[in-house]
Structures are given as structure tokens and as C-alpha cells.
Amino acid sequence: MKDELEKLVVDLTAALSSVHDTAALEVVRVEYVGRKGRLAELMKGLAALSVDEKKVIGQIANSVKARVEAEFARVEKMIADADVKARMTREWLDVTLPGAAPSVGHLHLVSQAIEDITDIFRRLGFVRARHPEIDGDYYAFEALNMPKDHPARDEWETFFIRDSHSAEVMQGQKGKMVLTPHTSNGQVREMEKGVLPIRMISIGKCYRRQSTARHSPMFHQFEGLVIDKKSSVTELKGVCEYFAKSYFGADRTTRLRPYHFRFTEPSFELDISCGICKGVGSVGGVKCKLCKEGWLELGGAGMVHPNVIKAGGLDPDVYAGFAFGWGVERTMMMRAGVNIDDIRILYRNDLRFIRQF
Ligand code: PHE
């Protein structure tokens, strides 16, 4: 029996050597010191011994029990220590590490274009101005030499604000309220300010009732207006040329093509030489896929009509000037390296697209 008690301690030490967590420890505990465990079984044998033997074996049994308890206590502490150590590694925090930077966005492609465009005209002395996006049709049409019911108005597929709304929201405004279909409403508004000479670049949102790959119902225009005592088509042409070369590259040129607007006379469309075929219209004998004829249309321009100058409160015999109005999106999409074939993607708020620019 003495040997069996000694063996129990040896076995227990061996069994505990592979124990690393509380669950495994409990299994060993049940096996050795549980109610039906090995120690309990051995102790049953005590009953059959003589009084003297009981004395000796009883003593040994007591010391064995103490050693068994000590073994369990040792392993318990080992497990607890290991737990603390693991937690310390897991939850370790380096307070000296720099913080995680929040992700920073960037300007939308169109806002970038607006900044670039503003910058170029600023160098020529143009000052950025802002005019209402919702305006009376007086400024959008009438003051621009398009009287009420004039058919030319049809060319701007205009959104009208319901009378009941405009009456209360826009008291004192002139005419029916519209979402400005072009930034030209700023022309007469700028003249009305009475600060001369005028070199304005007004960039804002415009709205037209159309939605195609080339038209978004909301888009931006940049409107240039120069009013001074002397002004000429040559100056207009020079400004166009400077802008084209600065924005698109030194190898590009412009041409003015006769056109008609009610608010300019003479009127032009400004074309820019195609960046693919360099204005030739063909590449290696094959018709240019982008422009087909060497030129791309940028937008309208012209010498401000005397009636518009009058509407601005100025004397057309003293003052003259020129104006132009081009689409921001279209201009930006014509720039080399921007391969966008549907203008509407600009306003779908798809980050996979926006992040590319
Ligand atoms: N407002 C015109 C348009 O939207 C463009 C334009 C502006 C033409 C200024 C001449 C002068 O088409």
C-alpha cells in the first residue's frame, strides 16, 4: 500500500506535466482526488489494516495528501500566471504609437476642374463671381434680349418653379422663377452692380431638362464677361486661346465659328483643335474617331449685344464687351487623360469612380 501511495504521487506529477488549462486540470483532479478517484480507492484499503499498520500508513497517507494538494496548487498557479501573461500580450497598448489617421477625401473631379479654370482666368485679371441658381426669367432670358415668348427660349430646356412657390420664396424677383439654364443670367446682374470695368468669371450650376450621355440635368458652366470702354473680337479670341493652351496644352489652338445667340452680336461657337488628330481630322489616313473633322466644340461666345448692355444700365455707345459660356464638365471631359464617356457618372456618387481622380 505504501508503494501504491508513492506511485500515485509519481503518476499525478506525470499527468499534471501535460496540463495547461483549467479544464484539463479538473479532469486530473476527478481522476486522482475525486470521490471515486484513485486516492479514495486506496484509502478504502486502510480499513483492512491492523492498528499498528494503520498508524504508519496513515502518516504516509497524510503526507501524500499534502503533496498531492501542493501539486494541484502549483499547477493552478502556473495556469493563472500564464493567463495573465497571455492577457498582457493580447491587451498590450503602446501609448506612444501615432494615432490612426482618419481617411481624408479629396475634391470631386468637377470641383478640381472649377479650381483649375478659375486659376487660369484669374491670371488674366478675371474675378470669380457668383449669381443665383434660381432666378427670375428676366435675368435668364428677357434681359438677354429674349423677350417673353420668344422662340429662342426653347433652346434652353428650362425648369420652371411653380408660381405658388416663387411668389412667397422669391419676393421682389423679376419674372417667373426658373432654375437657371445657363450662367448668362449673371451678365446683367454683374452690370447692375455698377462696378466697372468688369472682368468676371462666374461659375455655377445650371439645369436643363435633358439626360443623355452628353447631358446631365444639372451641370456647371463658367461664364466670362468683360465690359469696358474698349473691347474687341481680337481680345475675345486672345482670351479663348490663352485658356485653351493653359488648360489643354500648348499644342492646342482655337477657332471661332459664326453662330447665333440673341445676347451677343456677332456670336460664335468656340472650337478647339482635337487632341488626338491635332486638328487634321484624320490619323494615318483614317478619319479621327474622336472629332471626325479636326475640331471639338467648346461652347458659345460673342460680343455683348447693345440691348444687354442697356439692360445692365449702361450706355452701349460708351461700353462694349464680350462674353462666353462653356460647360465645366464637357470642357473637363475633353482634357487628355480623362476618359469619361457618360457625363452622368460624375453625379452617381460612386466612390470607385470618384477615387480615381
Ligand atoms: N449661355 C450660352 C449657352 O448656354 C452660352 C453663351 C454665353 C453664349 C455667353 C454667348 C455668350 O449656350
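Based on the Cα coordinates of the stretch 1-64, what is the per residue volume of their convex hull in Å³?
Numbers: hull volume 4.5 nm³, N = 64.
Cα-based convex hull of the stretch 1-64, divided per residue, equals 71 Å³.
Within a Cβ distance under 10 Å of Ser273, other residues only, what is the Lys/Arg minus Asp/Glu net charge?
Every neighbour counted, the sum reads +1.
Quick one: Karplus J couplings for the stretch 133-138, per residue in order, coefficients 6.51, -1.76, 1.60, θ = phi - 60°, nearest Hz, x for Gly and Pro?
After applying 6.51 cos²θ - 1.76 cosθ + 1.60, I find 8, 10, 9, x, 5, 4 Hz.
Ordering Asp350, Asp317, Asp52 from largest to smallest accessible area (1.4 angstrom probe), what's the sequence? Walk me through the numbers on the way to the answer.
On the way: Asp350 50, Asp317 145, Asp52 115 Å².
Largest accessible area first, the residues go Asp317, Asp52, Asp350.
Apply the membrane-span-like helix rule to the chain: whole DSSP H runs, Cα extent along the own long axis of at least 15 Å, mean Kyte-Doolittle hydropathy at least 0.5. List the helices found.
Those that clear 15 Å and a mean of 0.5 are 22-33.
Using helices alone, I'd like the mean residue ellipticity at 222 nm for the chain: each DSSP H run of four-plus residues gives -39500 (n - 2.57), total over residue count, nearest 500. Write down the numbers at each step before the final one.
Working: 12 runs with 140 residues, N = 357.
It comes out at -12000 deg cm²/dmol, rounded to the nearest 500.
When the chain is modelled as a GNM with alpha-carbon springs shorter than 10 Å, which of Ala336, Ala101, Ala14 fluctuates the most?
With Cα springs under 10 Å in the chain, the top fluctuation among Ala336, Ala101, Ala14 is at Ala14.
Counting only C-alpha contacts under 8 Å and six or more residues apart, can you give the relative contact order of the stretch 231-324 as a whole percent?
Relative CO of the stretch 231-324 lands at 26 percent.
Which Cys residues of the chain have no other Cys Cβ less than 4.7 Å away and so no disulfide-compatible partner by this rule?
By the Cβ distance rule, which asks for a partner under 4.7 Å, the isolated cysteines are Cys206, Cys240.
Please compute, for the alpha-carbon atoms of the stretch 109-354, the extent along each of the three principal axes and give them in descending order in Å.
59, 44, 33
Could you give the dipole magnitude of the chain about its Cα centre, charging the beta-carbon of Lys and Arg +1 and that of Asp and Glu -1, in debye to the nearest 20?
Numbers: 51 positive and 48 negative charges, 74 e Å.
For the chain, the charge dipole is close to 360 debye.
With springs only between Cα atoms under 10 Å, which of Met200, Met177, Met88 fluctuates most in a Gaussian network model of the chain?
Looking only at Met200, Met177, Met88, the largest GNM fluctuation is found for Met88.
Report the Stokes-Einstein translational diffusion coefficient (µm² s⁻¹, integer) for the stretch 50-165, Rh taken as the Kirkwood radius over Cα pairs, at 4 °C with viscosity 1.567 mPa s.
Using the Kirkwood radius from Cα pairs, D works out to 52 µm²/s.
Expressed in nm², what is the orientationally averaged projection area of the convex hull enclosing the Cα positions of the stretch 156-295? It would help to have the intermediate numbers written out before the result.
Numbers: hull surface 44.0 nm².
Orientation-averaged projected area of the Cα hull: 11.0 nm².
State which entries of Lys193/Lys237; Lys174/Lys229; Lys2/Lys44; Lys7/Lys44; Lys205/Lys292; Lys65/Lys85 exceed 21 angstrom in Cα-Cα distance in the structure shown.
Those over the limit are Lys193/Lys237; Lys174/Lys229; Lys205/Lys292; Lys65/Lys85.
Probe radius 1.4 Å, ligands and nucleic acids left out: which of Leu93, Leu107, Leu124 has the largest accessible area, and how do the rest follow?
Numbers: Leu93 130, Leu107 85, Leu124 50 Å².
Result, largest first: Leu93, Leu107, Leu124.
The values are calculated or read from the model by the stated rules, or taken from the named source; none is laboratory data. Every value quoted in this text rests on a predicted model; they were computed, and no experiment measured them. With ideal geometry, Cβ positions are generated from the backbone for all residues, glycine too; neighbour counts draw on all protein chains shown. For accessibility, only protein heavy atoms count, side chains too; no ligands or nucleic acids. Shrake-Rupley method; radii C 1.70, N 1.55, O 1.52, S 1.80 Å.
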